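**Student:** Quick one: the structure is below, and I'll ask about it shortly.
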Amino acid sequence: MPSIPVSVIIIAQNEADRIGLAIESVRAWVAEVIVVDSGSTDGTQALAEALGARVIHNDWPGYGQQKRFAEEQARHDWILNIDADERILPELQAEMVELFQPPGPAADGYYIAIHDRLYCTNQLSSYTPYKPIRLYRKSRGRYSPSPVHDRVQMDAGTSTDSLNGKMAHDSLKSFHHRVEKMNDYSEAQARDLLTRGRRPSKLRMITELWSAFITGYFFRGYWRGGLMGYIYAVNFAYSRFLRQIKLYEADHRQNPPD
């Protein structure tokens, strides 16, 4: 299959058990795959290189900053960003290959729906947690430098569109990993909220767990996933609860009572 003029960027640390599928979902039809590694000790670098990726080390500066660093390594203007736990599904692959046939893309950036693949199953969640811009021209948009919010910010006057295909997100590699990830990410979120002037709310600390569970289980449709859907709803609720209590803790340390 002829490659399209797109640089795929992937940031990683200790993703040897997952990054192979991410690279294999794109390597046959894009011009290059770049993996920016922040110090893996599990062989992620060697595995990625064996699959044809260009591996570059950069110490971890935060999510947005690491993706900006990865953008700067790309040889092509068009960037496709995927995470080590994401896979481009065949329908999306075909759509992107067709997009780059003459006369080429009409927009400067494209939104892509990302669906969780429920752990221990091959079932995609019907809910789309987010639909970010993941395919874009780096001359017209760049990742935000935020350490927490890794989103592409398009320049004024640029055009955007949406692709119909889906990306699969294998967010869980184990429940142990999920707990560690929730702990680290909620810590970063709390610091970011405090930096932006957000103050804790006792009411939200009391209600967040229950309201988030209802949102996840019913409104996000996790109930369709059976037992695993219930587990996802509980995980989502607990992660939101963690964010609130860590904001409270960080605020207490910064503004101790008299």
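**Student:** Would you mind finding the one in Arg243, Arg199, Arg224 that is in a helix (DSSP H, G or I) and surrounded by fewer than 17 Cβ atoms within 10 Å (Cβ to Cβ)?
**Tutor:** Answer to the check: Arg224.
**Student:** Next question. Could you list, in sequence order, the residues of the range 183-196 that are surrounded by fewer than 19 Cβ atoms within 10 Å (Cβ to Cβ) and either free of Cβ contacts under 8 Å to residues at least 12 places away in the same chain or of a type outside the set (A, V, I, L, M) (or both)?
**Tutor:** Asn183, Asp184, Tyr185, Glu187, Arg191, Asp192, Thr195, Arg196
**Student:** Somewhere in the range 117-125, is a residue outside the structural domain of Lys181 (by TED's automatic domain parsing), free of Cβ contacts under 8 Å to residues at least 12 places away in the same chain, surrounded by fewer than 19 Cβ atoms within 10 Å (Cβ to Cβ) and not in a strand (DSSP E or B)?
**Tutor:** Yes, that holds for at least one residue.
**Student:** For Leu47, are the conditions met, namely being among the aliphatic types (A, V, I, L, M) and touching a residue at least 40 places away in the same chain (Cβ under 8 Å)?
**Tutor:** Here the answer is no, as Leu47 does not meet what is asked.
**Student:** Please enumerate the residues belonging to the range 132-170 that are in contact with a helix residue (DSSP H, G or I) (Cβ under 8 Å, 6 or more places away or on another chain) and assigned to a loop (DSSP other than H, G, I, E, B).
**Tutor:** Scanning the range 132-170 gives Lys138, Ser144, Pro145, Ser146, Pro147, Val148, His149, Asp150, Arg151, Asp170.
**Student:** Right, here's the next one. If you take the residues in the range 126-136 that are farther than 18 Å from Asn235 by Cα and surrounded by fewer than 19 Cβ atoms within 10 Å (Cβ to Cβ), which one is modelled with the highest pLDDT?
**Tutor:** Of everything passing the filter in the range 126-136, Pro132 is modelled with the highest pLDDT.
**Student:** Given the range 17-84, what strands (runs of 3 or more DSSP E) lie entirely inside it while holding 2 or more residues that are acidic (Asp, Glu), in contact with a strand residue (DSSP E or B) (Cβ under 7 Å, 6 or more places away or on another chain) and in the same structural domain as Met96 (by TED's automatic domain parsing)?
**Tutor:** Because the criterion is at least 2 residues that are acidic (Asp, Glu), in contact with a strand residue (DSSP E or B) (Cβ under 7 Å, 6 or more places away or on another chain) and in the same structural domain as Met96 (by TED's automatic domain parsing), the strands (runs of 3 or more DSSP E) in the range 17-84 that meet it are 30-37.
**Student:** Kindly provide the set of residues from the range 93-116 that are in a helix (DSSP H, G or I) and crowded, with 21+ Cβ neighbours inside 10 Å, ordered by number.
**Tutor:** Listed by number, the list holds a single entry, Met96.
**Student:** Are any residues in the range 228-252 under 21 Å from the mean Cα position of the chain (by Cα) and of a type in the set (Gly, Ala, Ser), and if so, which ones?
**Tutor:** If the condition is that a residue be under 21 Å from the mean Cα position of the chain (by Cα) and of a type in the set (Gly, Ala, Ser), then Gly229, Ala233, Ala237, Ser239 are the ones that fit.
**Student:** Report yes if some residue within the range 48-62 is crowded, with 22+ Cβ neighbours inside 10 Å, modelled with pLDDT of 95 or more, within 27 Å of Arg191 (Cβ to Cβ) and hydrophobic (A, V, I, L, M, F, W, C); otherwise report no.
**Tutor:** No, every residue in the range 48-62 fails to be crowded, with 22+ Cβ neighbours inside 10 Å, modelled with pLDDT of 95 or more, within 27 Å of Arg191 (Cβ to Cβ) and hydrophobic (A, V, I, L, M, F, W, C).
Condition check ((1) under 19 Å from Gln13 (Cα atoms); (2) assigned by TED's automatic domain parsing to the domain that holds Glu86; (3) free of Cβ contacts under 8 Å to residues at least 12 places away in the same chain) across all residues:
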| position | (1), (2), (3) |
| --- | --- |
| Ile133 | no, yes, no |
| Lys138 | no, yes, no |
| Arg142 | no, yes, no |
| Ser146 | yes, yes, no |
| Asp150 | yes, yes, no |
| Gln153 | no, yes, no |
| Asp161 | no, yes, no |
| Asn164 | no, yes, no |
| Lys181 | yes, no, yes |
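The values are calculated or read from the model by the stated rules, or taken from the named source; none is laboratory data. Everything quoted here is computed from the prediction, not taken from an experiment. As a convention, Cβ positions derive from the backbone with ideal geometry for all residues, glycine included, and neighbour counts pool all protein chains shown.
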